[in-house]
Every structure is written in C-alpha cells, then in structure tokens.
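Written below as structure tokens is the structure these notes are about.
Bear in mind that the values in this text are calculations on the coordinates, not laboratory data. Everything numeric here is computed off the predicted structure, so don't read it as measured data. Don't worry about glycine lacking a Cβ; one is built from the backbone with ideal geometry, like all the others, and counts go over all protein chains shown.
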Amino acid sequence: MGKQYSKYFAPSLKDARKRVNKKTENLKFSIPDNLIGLGNKLKYHLKTYGCQGNIADSEKISGILELMGFTPTDSDEEADLILFNTCAIRENAENRVFGELGRIKSLKKAKPNLILGLCGCMAQEEKVVETIKRKHPQVDIVFGTHNIHKLPEYLADAYLQKERVVEVYSQEGDIVEDIPVKRGHLKKAWVDIMYGCDEFCTYCIVPYTRGKERSRLPEDIIREVETLVSEGYIEVTLLGQNVNAYGKDLQIEYTFANLLDDLNKTKIKRIRFTTSHPRDLDDETIRVMAKGGNIMPHLHLPVQSGSNTILKRMNRKYTKEEYLEKISKLKKSIPGISLTTDIIVGFPGETEEDFEETLDLVRKAEFEGAYTFIFSPREGTPASKYEDSTPQITKKERLLTLNKLINEGFARGNKKFENEIVEVLVEGASDKNEEIMTGYTAHNKVVNFPGNLSMVGSIVSVKIEKAYTWHLKGKIVK
Ligand code: 5AD
Ligand code: SF4
C-alpha cells in the first residue's frame with residue numbers, strides 16, 4: 001500500500017456523546033468545476049446496509065458520483081470504486097461488512113487503481129477505524145455520516161493524489177441542502193426531515209453515529225415534496241430517527257404536526273413517515289393524522305419491550321400502560337389504522353416475567369407486523385456494560401416465541417381486508433410471474449393481482465379475494 005493519508009481525522013464516541021449548543025447552519029451543496037468529470041469512464045458499486053436513513057444517504061452518494069461522471073454497476077469485478085455505506089445498529093451488520101472487505105482484498109491486488117471506501121454509521125466508531133487502519137489497509141477512503149457532501153474532495157485525493165483519507169467528524173455538521181439525489185424508485189421517494197437523535201436509549205448507538213437532532217427548514221422540505229409531485233412521484237416517506245422531535249431545534253415555533261398538516265395540503269398522494277417515538281408522538285400529530293387525506297393509516301411505533309422495568313433501563317421514558325393508552329387513542333382517532341413495531345428481546349436482565357409482559361403487550365396492541373431483534377451490545381453505549389446472565393439460547397427461544405405471535409398478528413391484520421376494495425400503488429411484476437402485479441395498499445399491505453406492466457406506478461382498485469400471512473390476493477375492479 002504505502003500510501004500516505006492526505007487527511008487523518010478519526011472519530012471519538014466520547015465526543016459524539018456530547019451535545020454542544022451550536023447553531024445549525026443551512027448550507028448549499030457545491031462541487032468544484034474541475035472535479036466534475038473525474039469519474040468519466042469509471043464505474044462505481046455502492047453497497048448499502050441498514051435503515052431507510054442509509055438508503056436515503058446512498059441516493060445522495062449516487063447523485064454526487066453520477067454528477068462527477070461515474071456510472072453504476074452491480075459487479076465488484078467491473079467497479080473502479082467500491083463504496084460500503086454501513087450500519088452499526090447490531091454486531092452482525094458490522095461482521096458482514098468486515099467479511100466483505102476481506103473478500104475484496106484480492107480484487108484490489110488484481111486492479112491497483114480500484115478505490116475502496118467505507119462510510120455510514122460504522123465509520124463513526126473509533127474501534128472500526130482502528131481495525132481498518134490495522135487490518136484493512138486496502139481501504140482508501142473512510143468518511144462518516146456528517147460529511148457526505150465532501151465525497152468529491154476525497155475522491156480527488158484518492159484518484160489524483162493517490163492518497164488515503166480518513167475524515168470522520170464526531171460532532172454533527174451542518175445541514176447541506178441541494179445535494180443531487182439519484183432516487184431508487186420512480187414513484188416513491190424518501191425525504192429526510194431531520195437528522196440525528198437525542199433520545200439516548202441505553203442500547204442504541206445511533207445518537208453517537210448520527211449526532212444531535214437537527215431539523216431541515218420546513219420550506220426546504222415542502223419545496224422538495226412539491227418538486228417530487230411535479231416529477232410524477234406519488235408517495236413520500238418522511239425520514240428521521242425520531243420524527244416527532246421535528247422542529248424542536250428550529251428558531252420558529254413549528255412542529256411535526258405542523259409539517260404534516262402543510263404537506264397534507266400538497267398534491268402528493270401518499271405520505272408515510274418513520275420512525276416515531278411513543279413518548280413524543282403528541283395529540284396534535286394524531287389529530288392531523290386523523291384528517292386522513294394523503295396521510296396513510298399506518299404507523300410504525302417501536303415499543304422495544306412490554307416490561308416497565310426493562311423500559312426504564314432502556315431509557316424509553318414511557319410505561320407499558322402509557323404506550324397502550326397512546327395506541328388506543330390512535331385506534332379511536334384513525335379507525336382501522338395498522339400498527340407495526342420494533343421489539344428487542346434479551347435486553348440485559350430481562351427475566352421470563354419481563355418477556356411475558358412483552359407478549360402480553362403484543363397481544364393487547366394487536367400489532368400487524370414487527371421487526372424483532374435479539375439485544376446486541378454496542379460498545380460505548382450504557383447497556384453494553386449491564387450485567388447480562390441470560391444464555392443466548394434462551395434469547396433465541398424468546399425470539400421464536402415472539403415471532404410466532406407477531407406472525408399471527410400479521411395474518412389477522414391481512415384477514416380484515418378479505419372482500420374489501422383497496423387502493424394499490426403498483427410496484428411491478430411479482431418475482432415469479434410477469435402477469436402478476438404487486439403493490440402496497442394505504443395500510444402498507446402487499447397485494448398481488450393479475451395485471452400488466454403498463455399499470456406500474458399508478459394506483460388501482462383491487463378487490464381482495466384471499467388473505468395470506470404475508471400478502472393479499474385479489475382482482476382489479478373497474
Ligand atoms: N440491539 C438490538 N436491537 C437494537 N435496535 C437498536 N439498537 C439495538 C441493539 N443494540 C433495534 C431497535 C430499533 C431498531 C431500529 O433496531 O428495536 O428500533
Ligand atoms: Fe436509537 Fe432510541 Fe434514538 Fe431510536 S429513539 S435511534 S432506538 S436512541
């Protein structure tokens with residue numbers, strides 16, 4: 001390797017924990033003229049791991065790369081640039097990336113001009129940067145979640161100066177508007193409304209890897225949604241780690257409910273949002289959701305556990321009873337709303353009784369789907385140091401028991417739609433049969449029905465004939 005670093009600025013989780021009182025600046029993306037064209041004749045392979053936030057970041061990274069002349073490829077062998085946009089939420093996500101980095105070492109030997117980069121949440125961990133430095137010197141560029149807009153500069157260092165770059169900021173940067181976005185879908189778009197998280201749930205690495213909560217200005221979000229409408233988009237999903245905290249850091253009085261209300265007045269046909277925090281989801285937001293219109297009757301509301309002891313140790317700041325109270329309000333205000341959640345089993349100290357409380361909550365809440373996880377200790381978070389004597393096998397058994405219950409709820413949620421007529425945004429043909437189309441209902445249920453590819457991107461009415469655990473089957477009605 002032998003290459004020098006042009007920049008070496010490693011992260012620190014200790015600094016990342018601090019919340020400094022610095023005003024967020026709203027900057028505009030720009031790229032030096034001489035770097036446009038740097039990627040001409042070069043191909044990039046961008047690999048994305050993790051949540052919707054990362055998918056949205058990858059759309060920006062692709063936008064920047066294509067502005068510079070790079071073209072996409074799905075093949076490592078063809079690529080001149082391989083970039084990993086990584087996730088740090090659980091250990092197995094990280095292990096997969098290290099496995100891949102090892103595998104592509106040989107590619108680099110065969111193709112010395114190949115540039116390897118790593119960005120995203122893993123890059124924000126000092127332990128990861130140390131490991132890369134020691135064991136993966138084949139990685140040329142490491143940058144974090146706060147400086148995507150500086151990618152052109154890093155590529156210039158790598159390709160033109162033949163130097164390596166590690167530049168990760170532990171404290172959040174400013175909000176950079178107008179980064180080009182290469183959207184992954186023609187009708188559905190991700191729209192970031194805020195960055196960061198200040199909740200500090202004790203198991204979670206996100207407040208360290210994504211920094212403090214910063215809201216985009218309402219006018220920038222509304223303008224983006226209006227532009228999407230004019231480009232033919234039908235659905236937007238508003239993104240934030242805790243969308244209910246939107247606006248708290250703005251200089252004006254403006255809340256998430258205000259934003260939803262304003263977007264309700266635009267011509268976008270479908271609005272979804274994720275992720276909500278049960279404590280911060282307020283009555284005002286429920287009232288705006290109840291107006292319906294383009295706000296979809298589905299809510300993802302992570303509960304994490306049904307045990308008050310565990311919730312307290314997770315620093316979730318609500319009880320099982322308060323959570324159930326909130327969803328009963330939601331169900332009353334938005335009849336038929338579909339609720340999904342996230343649950344962690346095997347949090348340190350979780351007893352059989354605690355787990356039973358979770359099962360009890362799942363039964364009472366009538367979730368129609370959930371992402372379920374076994375607790376994964378994340379270095380630097382408080383929970384990684386909590387005493388944990390539950391054997392892994394017990395945790396796996398709990399996960400299986402929970403998943404069984406969740407799947408029953410999934411099936412029950414689908415069953416409600418038998419003989420109903422639903423509106424489906426058509427996504428494309430099903431994997432197995434070109435004459436079977438597939439799409440999503442307002443409640444976010446998957447529907448398969450006979451049709452043709454000319455329907456893709458439109459909303460059609462489908463009468464549901466049969467409900468299965470994971471999807472619905474029906475026929476188009478005129
Ligand atoms: N271990 C297991 N699951 C986690 N999640 C977040 N941190 C951890 C962790 N350390 C889960 C939570 C969150 C979802 C995105 O990931 O359920 O809602
Ligand atoms: Fe993590 Fe909690 Fe913030 Fe969600 S709300 S990103 S679980 S700290």
Inset, instruction - Could you grab the relative contact order for the stretch 179-415? Cα pairs under 8 Å, six or more apart, rounded to a whole percent. - result: 17
Legend entry - Pairwise Cα inverse-distance average, inverted: Kirkwood Rh of the stretch 179-415 (Å): 18.9
Inset, instruction - Provide the percentage of antiparallel DSSP beta bridges, counting only those with both residues in the chain; round to the nearest 5. - result: 30
Inset, instruction - Could you calculate the contour length gain from Arg287 to Gln251, that is, 0.36 nm times the residue separation minus the distance between their Cα atoms, to one decimal place in nm? - result: 10.5 nm
Inset, instruction - Within 10 Å, count the other beta carbons around each residue, average over each peptide in 428-434, 4-10, 64-70, 346-352, and list them highest first. - result: 64-70, 346-352, 4-10, 428-434
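With a 10 Å Cβ neighbour count serving as the proxy for reagent exposure, in which order, fewest first, do Trp470, Trp190 appear?
On the way: Trp470 12, Trp190 22.
Listing Trp470, Trp190 from fewest to most nearby Cβ atoms yields Trp470, Trp190.
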Inset, instruction - Give the relative contact order (percent, whole number) for the stretch 319-445; include only Cα pairs under 8 Å separated by 6+ residues. - result: 24
Legend entry - Efficiency of FRET from Cβ geometry, Glu379 and Ser106, R₀ 30 Å, rounded to 0.05: 0.50
Legend entry - 19 Å reach of a label modelled at Thr227, 7 Å along Cα-to-Cβ, counting backbone N of the stretch 162-184: 174-184
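For the chain, with only Lys/Arg (+1) and Asp/Glu (-1) charged at the beta-carbon, what is the dipole magnitude about the Cα centre, in debye rounded to 20?
My answer is approximately 480 debye.
Rg/Rh for the stretch 312-376: what does it come to with C-alpha atoms and Rh from Kirkwood?
Taking Rg over the Kirkwood Rh, I get 0.98.
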Legend entry - Point-to-point label distance, Lys466-Asn26, nm (Cα→Cβ direction, 7 Å offset): 5.3
Legend entry - Theoretical FRET efficiency, 1/(1+(r/R0)^6), r = Cβ-Cβ of Thr266 and Glu177, R0 22 Å, to 0.05: 0.75
Inset, instruction - Please list 21-27, 164-170 highest first by mean number of surrounding beta-carbon atoms within 10 Å per residue. - result: 164-170, 21-27
Legend entry - Per-selection metrics, the chain (Cα): Rg and Dmax in Å: 23.0, 67
Inset, instruction - Restricting things to alpha carbons, tell me how big the stretch 5-167 is in terms of Rg and Dmax, in Å. - result: 15.3, 49
Legend entry - Chain lengthening between Asn452 and Glu366 when straightened (0.36 nm per residue, less Cα-Cα): 27.5 nm
Inset, instruction - Provide the net charge surrounding Pro112, with neighbours chosen by a C-beta distance below 12 Å and charges set as Lys +1, Arg +1, Asp -1, Glu -1. - result: +3
